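Right, one structure below, let's go through it.
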Amino acid sequence: MGACDRKEDNMKNIYRALTAIGAVVLAVTAVPNARACGEFNPVLNRSMSPATHFAPPSTQSMPATLDANGNPTIVGMWYVVWTSEGNSGIPDGTVTDFGIGHWHTDSTEFYNSGGRAPSTKNFCMGTWKQTASGSYALNHFAYSYDQTGGALLNSVNIKELVTLNSTGNSYTGTFVITIYDLNGAELQKLTGNLNISRLTVTSPIPPVPPGF
């Protein structure tokens, strides 16, 4: 296999892998996109948006979900924004996905990617545990499908380490997306940051980041 063939295969793997986690993880430009649940989708995504051009809604006045001791918890519904950090070919701070996640009291979690077409699978799920006061680890799984033919393409694992703010109404953290082929061989690893705002019964509809 020549250098050009290897480069083309690598780019194919990157396009499969980069779908904002996401985002989000987390484009129709020459720059690939990282999405939280898997497949690159050139039809849905029109551009990539620097995180500095987009701010999630304020949640300062929203009441947090509290545990039995009156402390804020991760349990509840969240508006999730994924940004790239440390990935070749994707500028740091690029919004790669957005969506709505829900952390449950039974230590499970669902995520609905707003940046992915349902035909490629935009729902995925995970399990979490509290690692310290206000800090949590999430182990999240997804499958990625071809948009046109519906064929299974990849298995995806997303790991998050996140920390609630002092009010419990937002959290920040990091993610690592690892994409595998159907034989379990690792194809690509992607990293980035998470910025999340709590959603409640009084929340307005969350905004769609520019470029989606």
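Okay, here's what the table says:
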{"quantity": "Residues that are part of a loop (DSSP other than H, G, I, E, B), out of contact with any strand residue (DSSP E or B) (no Cβ under 6 Å at 6 or more places or on another chain) and over 16 Å from residue 82 (Cβ atoms), drawn from the range 112-141", "calculated": "117, 133"}
{"quantity": "Where a residue in the range 146-162 is at positive phi and its partner, wherever it lies, is of a type in the set (Gly, Ala, Ser) and buried (at least 18 other Cβ atoms within 10 Å of the Cβ), with Cβ under 6 Å and at least six apart", "calculated": "none"}
{"quantity": "Residues of the range 182-206 classified as surrounded by 14 or more Cβ atoms within 10 Å (Cβ to Cβ) and either assigned to a loop (DSSP other than H, G, I, E, B) or basic (Lys, Arg) (or both), total", "calculated": "4"}
{"quantity": "Which numbered condition residue 96 fails, given (1) in contact with a Lys or Arg (Cβ under 8 Å, 6 or more places away or on another chain); (2) farther than 17 Å from residue 157 by Cα; (3) among the polar types (S, T, N, Q)", "calculated": "(2)"}
{"quantity": "Filter result for the condition that a residue is surrounded by 15 or more Cβ atoms within 10 Å (Cβ to Cβ) and either under 30 Å from residue 66 (Cβ atoms) or touching a Lys or Arg at 6+ places or on another chain (Cβ under 6 Å) (or both), over 139, 87, 112", "calculated": "112"}
{"quantity": "Enumeration of residues in the range 136-168 that are among the small types (Gly, Ala, Ser) and over 30 Å from residue 187 (Cβ atoms)", "calculated": "166, 168"}
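Read the figures in this text as sums done on the coordinates, not as results from a lab. Just so we're clear, the structure is a prediction, and the values are computed from it rather than from any experiment. Quick reminder, even Gly has a Cβ in these numbers, built from the backbone with ideal geometry, and neighbours come from all protein chains shown.
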